[in-house]
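The values are calculated or read from the model by the stated rules, or taken from the named source; none is laboratory data. Model, not experiment: these values are computed from the prediction. Cβ placement follows ideal geometry from the backbone for every residue including glycine, while neighbour counts extend to all protein chains displayed.
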């Protein structure tokens, strides 16, 4: 895909317990409705997840995760066979099933290979693009793992080491994600956002997922349902820091932010730098 202009990844959560209730889509009708809305608004990638990764999320089996994601993907591909689909999972068995049975473009792994020892070799074997995200622990424990010597340096080092491992296995289509909200305090999230341009030194595209997260709504004393404006503001900061992909619940607003940012860059600021 052409990343010279930032892309939008739309979130399709096939879960009953994601942190933002506006992104929970369990029925075929609700999945179809959100998918058609995102397509109409210009979404570039659809990120389908069957396991909520919010803090303290409920555990579900691999079989249930596969069922949820497969059902959603079938609905999407029946309507739009050429849809670009990412699967949001940290389990290699889910990856293998989805890539073997469906036309999957990317795997979005919130564990960065730490939650499944077979993840990296599975990605290499299947030759699928991979989003490498920084986190610590699992969805049940990650918020207790926020001790860093220097959060930016520590996250950069983690990503650098994992990138080296992936490349040794022959994986080249890699996107990095610093993991906003995962094993990080509000202050640490903003420190990473402020220094996002440091991550460009890794020479791979940067995905940023800030949409309606607690680092926004808790700071403002609101809730996720009222955090769209805050999300747009944060996304503009991420674009200025070098983000190539925005992972969002609200596609139209993200596309508008990108259009304004690109026009701003065209008037003098060199986006590529």
Of all residues in segment 169-205 being part of a loop (DSSP other than H, G, I, E, B) and within 19 Å of residue 124 (Cα to Cα), which is modelled with the lowest pLDDT?
172
How many residues of segment 249-273 are surrounded by 17 or more Cβ atoms within 10 Å (Cβ to Cβ) and either in contact (Cβ under 8 Å) with a residue 60 or more places away in the chain or more than 20 Å from residue 41 (Cβ to Cβ) (or both)? The answer is 6
Taking only segment 217-248 into account, find how many residues are buried (at least 19 other Cβ atoms within 10 Å of the Cβ) and at pLDDT below 95.
1
Criterion first (more than 23 Å from residue 205 (Cβ to Cβ), at pLDDT 95 or above and over 18 Å from the mean Cα position of the chain (by Cα)) does residue 96 satisfy it?
yes
Being over 30 Å from residue 166 (Cβ atoms) and within 17 Å of the chain's Cα centre (by Cα) is the filter here; which residues of segment 186-223 pass it?
216
Scan segment 61-76 and give yes if some residue there is assigned to a loop (DSSP other than H, G, I, E, B), more than 23 Å from residue 127 (Cα to Cα) and either out of contact with any strand residue (DSSP E or B) (no Cβ under 6 Å at 6 or more places or on another chain) or in contact (Cβ under 8 Å) with a residue 12 or more places away in the chain (or both), otherwise no.
yes
Taking segment 206-245 on its own, how many of its residues are in a helix (DSSP H, G or I) and touching a strand residue (DSSP E or B) at 6+ places or on another chain (Cβ under 6 Å)?
2
Take segment 9-30 and flag every residue that is surrounded by fewer than 24 Cβ atoms within 10 Å (Cβ to Cβ) and either within 12 Å of residue 83 (Cβ to Cβ) or at pLDDT 90 or above (or both).
none
For a quick check of your reading of the model, give me the residue pairs whose first member lies in segment 29-55 and is at positive phi and in contact (Cβ under 8 Å) with a residue 12 or more places away in the chain, whose second is part of a helix (DSSP H, G or I) and buried (at least 16 other Cβ atoms within 10 Å of the Cβ), with beta-carbon atoms closer than 6 Å and at least 6 apart or on different chains.
42/255
If we keep just the residues of segment 31-40 that are farther than 17 Å from residue 105 by Cα and in contact with a strand residue (DSSP E or B) (Cβ under 8 Å, 6 or more places away or on another chain), which is modelled with the highest pLDDT?
38
Could you look through segment 125-153, keep only residues that are in contact (Cβ under 8 Å) with a residue 40 or more places away in the chain, touching a strand residue (DSSP E or B) at 6+ places or on another chain (Cβ under 9 Å) and surrounded by fewer than 21 Cβ atoms within 10 Å (Cβ to Cβ), and pick out the one that is farthest from residue 7 (Cα to Cα)?
128
Could you check segment 84-134 and list, in sequence order, the residues that are more than 24 Å from residue 181 (Cβ to Cβ) and part of a strand (DSSP E or B)?
none
